[in-house]
Every structure is written in structure tokens, then in C-alpha cells.
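Student: First, the structure itself, so that you have it in front of you.
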Amino acid sequence: MGFTVQCPVPVAPEDRVLLAHGGGGKLTQQLLEKLFLPAFAHPALDARHDGAVLRVNGLRLAFSTDSFVVRPLIFPGGTIGDLAVNGTVNDLAMCGARPLYLSAGFILEEGLPMEMLRQVVASMAEAAARAGVALVTGDTKVVDKGKGDGIFINTAGIGVVESPVDLGPAAVEPGDAVLVSGELGAHGVAILSVREGLEFESPIVSDTAPLWPAVAALLGEGVAVHCLRDLTRGGLASALNEIAATRGVSIRMDEASIPVAEAVRGACEILGLDPLYVANEGRFAAFVPERDTDRALEVLAQVPVSAGAVRIGVVEEGPSGTVVLRSRVGGNRVLDLLSGEQLPRIC
Amino acid sequence: MCLAVPGRVVEILEESQPYLRRAKVDFGGVRKEVSLAFTPEAMPGDYVLVHVGFALSVVDEAEARRIFEYLEKLDPEGAP
Amino acid sequence: MKFVDAYRDAEAAARLARWIRRRVTRPWTIMEVCGGQTHTILKSGLPDLLPPEITLVHGPGCPVCVTPLELIDQAVAIASRPEVIFCSFGDMLRVPGSSKSLFDAKAAGADVRIVYSPLDALKLARANPDRQVVFFAVGFETTAPANAMAVWQAAREGLDNFSVLVAHVLVPPALEAILNSPECRVQGFLAAGHVCTVMGFREYEPIAKRYRVPIVVTGFEPLDLLEGVAMVVEQLESGRAEVENQYRRSVRPEGNQPARRLIAEVFEVGPRKWRGIGEIPASGLQLTPPYRRFDAAERFPVRVGAVRESPECIGGLVLQGVRKPHECPAFGTRCTPETPLGAPMVSSEGACAAYYLYGIHGAMSGSRRS
């Protein structure tokens, strides 16, 4: 999901869609609860997970969709095409499913340079090959100049759940360890660096990557995974808030253990952003029973995309949906769900 | 509005006039152009506090250390 | 990061906290003036480290909270003009006006853009000669030099399509207004370190003397705030009332002279209305006559309707440290960050939003989680 800085903030009259509704925070949740879920009632939707796992003729299929509206279209580390492939592939992986097939729908803005489209499509082909999926069906529409942001892409994906697991917030238990697969914040900062003219000693590149190899390794080694969640828009804080609220538990974390690369931290400092809310496109959180923590970390360390995996916290009985962070200096703060997406502050 | 972040002056980019003085400043690996209009004394190697794209002061490194010396006197390591 | 990480050291923080705990003999109410300081206090969970005798009151140091309703309404009206590109810092976009915030204006089609520096707005003006670029010049003295520079450069370059909507506020008059309030409970202040980096701290000396309150110029990292509190506590416990400087690595008594000169060239002091507090004489900045052609309020005279503040919002009392957010009847129910009735609930440093987000401690009920 693209990272935009212009967002959120709801104000009482909700007779219009606001940017905040797309931010992955409270307003998005409200839109889901009040508008979409009531219209499309289904147990798969109620599971509130990244994808739907459906039983069809004895086979467990995972099905997911995602739309991509990022600006700029091309950024350090990838293009909107990479995000479109990896985003859906990862939603499937978070269900424990091996991603197999993707569809892609393009909405192109009149006047888009063909060379840019070529670049995006080429990167999608490469990303699909890297992720081991085939793009098997698609659609293209063109809208008038001014009615689109260059390119909007929607991808939907099908995968198959081969191991007998039921991953999702419902499986999370108090006492579970919370792991994160690597350093946070790179994608969001990479996007902003283009817009804000930031330079880096060693360039910050988006972390967009397919996550299935890490998930496959965990499941293959028999690690008892309870839940996986990729940390896209809204970052780590939003993902953990959602899971804690869905499952009715609290989560407690130590700020010192949350990995953020130095340059990403520096960029967030000067932009007035909190890395815990910044989007990632190749990182996930894993909830595993405490006793499986060491094994899980060993397994993840062997897979390149999760080589930086560490333990960052624990699930507890507690006020539902409360995520508490113990700061570096030893005080506690509540990491709430943002109303929309994070605003840069100068105060 | 008070967010100001310390960064190291890496290279002076423009010096033709005091108010146009600009530098490349490094913030833990991120580099940004910063105006030195208000810190004419800032030199490469100095640390400056930057707020909305302007350096507002040169960090006094000796003073920056003082709090840690003060703490040593206050409550020596290892005291119960 | 140098000069950042060391000031977040847990061991040093614990030592300072221990000293404060041992030194304190009775309750003290201390106000930190700047929103950026509030942000650190909350983010680091500093109240957990301080003894219960210390009450920290979040002051009016968040320009979001104090910018008058009329100015927000003016900003929204100007931003809604088709020829205008309206630029602002992120903090300001969420503040509710009488009926709309700048975000609402954006949702309705206004060209509202977040910038990180007034120089970004200047760039936009140069790049868009056929549009009018308006910059929302909000802030304390900290941001005044940058805004002054933007106007000064626009004047030098003859950039006729650039203007600023000035909403600058000054700290010392605000402190006096708070101290003048008969219900004022604040006994000591942590003055804003970056404001004083620009302005120095001489102007606080008469205030400390007149009202007999310690004022410690304090930085923004956890150790700065703890040291600042320690210095205020030391003064309170020993009956002193002086201005001291904790933030010596950045603040000099006379401040930043080039910055002050440029501020004096471009701005002059004038009256300013503070949201929730009312008009305080000589508490704001406005453009000097040679630069008045860059005043967006004059360039775009807009009629704003009668200003309506929510009758329920007690933000002004909260800002003065007279009431705590949870003492407001609307707190957490009709007034939340999603549905704010006033500015202190919108800004992440606003006292009310801070209490709301900080809900796991203190007198919060679990009702907000429904």
C-alpha cells in the first residue's frame, strides 16, 4: 500500500469520504464496520485477516486482493508494480497459503508516458517470477487525464493452504511472543525521500519483497505459528492494535528491541514521523507460543527476507486492544491506532 | 512548533551571501540541505540544531557533555 | 544519532528520576510550555518515572491549540479559492475551525499541501507563477526566523504570487496570562528550549521575579526534561525563583542574533487572540509595513462567518492548567480525537489528546475502547 503523508483526521460530519478513510487507522476500521461489513456479511470477512481462507471441495484456498495507489510510481527499491505483486502475495502468505496465481487490473491515466508503463510492467513480471506466481488474468482501463494518479493497480491472488494451520487473530493466546521479521520503516521513508529530496549516505530502499519463503520455512519446520500479519500501511503499531482488538487481548513491547535502521530513524526524526506507524512492504509480525520463540527465530534467520527477525514483545491478558510500549527510558505509553495515517509534525 | 534535530555539517554548498548560506547536513545517515543563514559561524564538522530547514544554533559539545558529568557527581555508578 | 541517543539513556534517566524522588518533600505543579516537550513526556512515559508529588501540566505551547478560530476559518476560506495553493505544516491541518478544518477543505477540492519548511512554499511559488501560494505562518518564536526569511526572500525576488497568513504567537505574554489567572496552580515552568534558542531568555527574568516562579529553559529529549524538572524542583524546595538554563548546548542568554534581527525586520509585535484564552496584548507577530504586501489576510480579504467555538470545550481552562482534560464532561465521549470539539483534542500534543492516548494511566475509564 502506498505511503502518503497527506492524510487523516476525521471531523464529525461523515458525509464525505476523507483521505483518512484509506489510512489504515480508526477511520478505515469505522468504514469497514459501518459500511462494508454489514453489506457483505460472511464468516471469512469476520475473521478480519489479510485474506480469506475458504474450503472448496476439500481444498483450503486463500483469496486476497489489494489496490495500489502510491506516489511516486517509481522509487528507490521498486515500482508500484513490485508493490502490486508483493502486496497480494504477502496477504496470501499471511494466511499460511502458498501463493499461486494473480490477476491484475490496471486503471491508467490518459497521458501516462508509455515508458513508465513499460517499466512498471517489467518490474511486475520480475516480481512475479521472484515470488513464484503467475499472472493469469487481467484488465486495463484508461481514464481521462486528471482522473487518475498515473497508474492504479488492483491485484487479486489465490493460494493454497497446505499445512493444517488456522492462522489469524483468533488463534493468538496470552503468553504468545510477538516477533518482527526485520528492520522497520524503510518503505515509507524511501517513498518520502523522493518527495522530500532527502539523500542518504547509503540510500534507503523500499523493503518490498515476497514473504512466502519465510512463512514456508516456519510452517515447514513445524513451528506452531498462531498469527502472521504484514506491516503495511499504518505500520507495526496499527497491525498490532488491530490484532489485539480483534482477539481481545493486550500486547506489551519494549521500544529498545524494535529494530529500526539508523538512517531510517534519522529520516523519521527530521520529518517528525514515528517509525512504528510507517509503512513497510516486506516485513511481518508473527505470533508464536513462547516456547517456540527460539526455534522460530532460528528458522527465520536462515531466510534472507527475514534474516533480521527479533522478538519484540508479548501478548497479555488485559484491556482489549491495548498496545503498550515501554520506552527506552523506562516509562510506558499506549500505542494507539491513529485516526487516519500519520501526519508529519514540526511541534 | 519546536521540533529541531541535531545534524553534522558535512559540506558548505553556497556562501555568496550570509543569508543564502547553505550546507549539506547529515542526520544519522540522512542528508538534507539546510540553511545556515542564522548560524554564520557553523563550519563543516560542527553539529547544528535544525528546525524547518534552518540551523538555529551550533551545538556546544562541551555543554552537551555536562549533564553526564553532573550525573556522575550526583549519583555515582554503583551507589545503592 | 549523536546528541540524541545519549539523551535517551535509560540509566541516566533512572538516576535523575531517583534524585528527584529523594529531593521532593511536597507536591509541586510544573508546566512544560512547549508542545514538543509534551510530546517527549508522553512518548517516553516520563510520568512513570516521576514521583507522584510532581504534577506535570501541559501548557499552551502547541500553536495548534492556541491559533484562534478566526484564523482557521480565514485559512479555510483562502484555501478554498481556486487560484490558491495553500501550504501548511502538517500539525495545522486537523484543527477544527467553526465548521471545517483545512483537511475538510482539501476533501472538498481545495489545493492544500503539507510542507516541511516555508522555503518549500517559496519553491512552489516560483514553480507556479500563475497560482497564488499562501503559507500558513504559524508557530512560536522558533519558526519566526524561517518565516521571516521566506518573506524576505520573496521580497528580494519580487515574488508577487507568494503571501503568508501570519499566526505567530509569543511565549512570555502567554506565561503572564496564565500566571495572572486567579486559579493558576502552576508553581514552576519548563520554558521552551527552541523558542529560547532563538530569543534568549532575558525576557523571562522579570516574569520569574514578579510572580515568584522558577523558570528553567529546557530541551526536548527525555534527559533534558528530567534535568529541567530536577532544576525546578531544586528551586522550589529551596524557595528560589530564578531563570536557569538547562538546555545550555543550544541556548545562549541573548539567543540567536541574526535570527532576531531578521524577525525584527520583517515582523512587529501586535495583539493576538489565543484560542480558549482570549486576546493577550503584544502577544503575536504581524508583518511590518514594508512587508505588508505579503500579508495573505490583506491580499485575500475573506468574510468569515460568526466564529463558533463549541460551547462544551473547556480547552482554554485546560491550557491554563486550571482543569485536567478528564474533568471535562465531554472528554472521551462527545470529544475524542476522531470527533474533536476543540484544538487540544486534535493536536497530538494537545493536553486532551495526550490524556486520551495516555489512557492506561491515571483516571481514564475504559469507555473509549468501545
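The values are calculated or read from the model by the stated rules, or taken from the named source; none is laboratory data. It should be emphasised that the depicted structure is a prediction, and the values quoted were computed from it without experimental measurement. Note that we place each Cβ from the backbone using ideal geometry, even for glycine, and neighbour counts take in every protein chain shown.
Student: Is it the case, given these coordinates, that A:ARG265 is of a type in the set (Lys, Arg) and under 14 Å from A:ALA286 (Cβ atoms)?
Tutor: It is false that A:ARG265 is of a type in the set (Lys, Arg) and under 14 Å from A:ALA286 (Cβ atoms).
Student: Condition first: more than 19 Å from A:VAL121 (Cα to Cα), surrounded by 18 or more Cβ atoms within 10 Å (Cβ to Cβ) and not basic (Lys, Arg). Now tell me which residues in the range A:53-89 satisfy that.
Tutor: Once the filter is applied, which keeps residues that are more than 19 Å from A:VAL121 (Cα to Cα), surrounded by 18 or more Cβ atoms within 10 Å (Cβ to Cβ) and not basic (Lys, Arg), the range A:53-89 yields A:VAL53, A:LEU61, A:ALA62, A:PHE63, A:SER64.
Student: Sticking with this structure for a sec: Kindly list the number of the only condition in (1) under 22 Å from C:GLY35 (Cα atoms); (2) assigned to a strand (DSSP E or B) that fails for A:LEU337.
Tutor: So the condition that A:LEU337 fails would be (2).
Student: Continuing with the same structure: Within the range C:50-70, restricting attention to residues that are surrounded by fewer than 24 Cβ atoms within 10 Å (Cβ to Cβ) and assigned to a helix (DSSP H, G or I), which residue is farthest from the other protein chains (Cβ to nearest Cβ)?
Tutor: C:GLU70
Student: Moving to a separate point now. Does the range C:244-264 hold any residues that are surrounded by fewer than 23 Cβ atoms within 10 Å (Cβ to Cβ) and facing chain B (nearest Cβ under 8 Å), and which are they?
Tutor: C:ARG248, C:ARG252, C:PRO258, C:LEU262
Student: Are any residues in the range B:1-20 surrounded by fewer than 18 Cβ atoms within 10 Å (Cβ to Cβ) and small (Gly, Ala, Ser), and if so, which ones?
Tutor: Listed by number, the list holds a single entry, B:SER16.
Conditions tested, residue by residue: (1) surrounded by 22 or more Cβ atoms within 10 Å (Cβ to Cβ); (2) within 14 Å of another protein chain (Cβ to nearest Cβ); (3) assigned to a helix (DSSP H, G or I).
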| site | (1), (2), (3) |
| --- | --- |
| A:ALA217 | no, no, yes |
| A:ALA239 | yes, no, yes |
| A:ALA245 | no, yes, yes |
| A:PRO259 | no, no, no |
| A:ALA267 | yes, yes, yes |
| A:LEU276 | yes, yes, yes |
| A:GLY282 | yes, no, no |
| A:PHE287 | yes, no, no |
| A:LEU300 | yes, no, yes |
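Student: Let me ask another. Which is touching a Ser or Thr at 6+ places or on another chain (Cβ under 7 Å), among the aliphatic types (A, V, I, L, M) and more than 21 Å from A:SER64 (Cβ to Cβ), of A:LEU117, A:LEU112, A:LEU108?
Tutor: Answer to the check: A:LEU108.
Student: Which residues, counting only those in the range A:14-44, are out of contact with any strand residue (DSSP E or B) (no Cβ under 7 Å at 6 or more places or on another chain), away from chain C (no Cβ under 14 Å) and assigned to a helix (DSSP H, G or I)?
Tutor: A:LEU32, A:LEU35, A:PHE36, A:LEU37, A:PRO38, A:ALA39, A:PRO43
Rundown of residues vs (1) in contact (Cβ under 8 Å) with a residue 60 or more places away in the chain; (2) basic (Lys, Arg), yes/no style:
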position: A:LEU59; (1), (2): yes, no
position: A:PRO72; (1), (2): yes, no
position: A:ASN90; (1), (2): yes, no
position: A:MET114; (1), (2): no, no
position: A:SER123; (1), (2): no, no
position: A:LYS145; (1), (2): no, yes
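Student: Separate question: Of all residues being of a type in the set (Gly, Ala, Ser) and at the interface with chain B (Cβ under 9 Å from one of its Cβ atoms) in the range C:15-36, which is farthest from B:VAL48 (Cα to Cα)? Just the residue, please.
Tutor: Going through the qualifying residues, I end up with C:GLY35.
Student: I'd like the residue in the range A:141-184 that is under 30 Å from A:GLY266 (Cβ atoms) and at pLDDT below 95 and, out of all such residues, is surrounded by the fewest Cβ atoms within 10 Å (Cβ to Cβ).
Tutor: Checked the range A:141-184; the qualifying residue surrounded by the fewest Cβ atoms within 10 Å (Cβ to Cβ) is A:ASP149.
Student: Something else: Is it the case that some residue within the range A:202-210 is crowded, with 24+ Cβ neighbours inside 10 Å, over 17 Å from A:VAL303 (Cα atoms) and within 14 Å of another protein chain (Cβ to nearest Cβ)?
Tutor: Yes - at least one qualifying residue is present in the range A:202-210.
Student: So which of A:VAL264, A:VAL299, A:VAL260, A:VAL278 ends up being of a type in the set (Val, Ile, Thr), more than 20 Å from A:VAL89 (Cα to Cα) and touching a Phe, Trp or Tyr at 6+ places or on another chain (Cβ under 8 Å)?
Tutor: Only one candidate qualifies: A:VAL278.
Student: Cβ-Cβ below 6 Å, separation at least six or inter-chain, first residue in the range B:1-19 and over 30 Å from C:HIS39 (Cα atoms), second charged (D, E, K, R) and in a loop (DSSP other than H, G, I, E, B): which pairs?
Tutor: Hits for this filter: B:GLU15/B:ARG21.
Student: Quick check on this structure: which one of B:VAL52, B:VAL30 is without any contact (Cβ under 8 Å) to a residue 24 or more places away in the chain, within 11 Å of chain A (Cβ to nearest Cβ), buried (at least 21 other Cβ atoms within 10 Å of the Cβ) and aliphatic (A, V, I, L, M)?
Tutor: Exactly one residue qualifies, and that residue is B:VAL30.
Student: Only one residue in B:ALA23, B:ALA42, B:ALA64 is within 14 Å of chain A (Cβ to nearest Cβ) and either surrounded by 24 or more Cβ atoms within 10 Å (Cβ to Cβ) or not in a strand (DSSP E or B) (or both), so which one is that?
Tutor: B:ALA23
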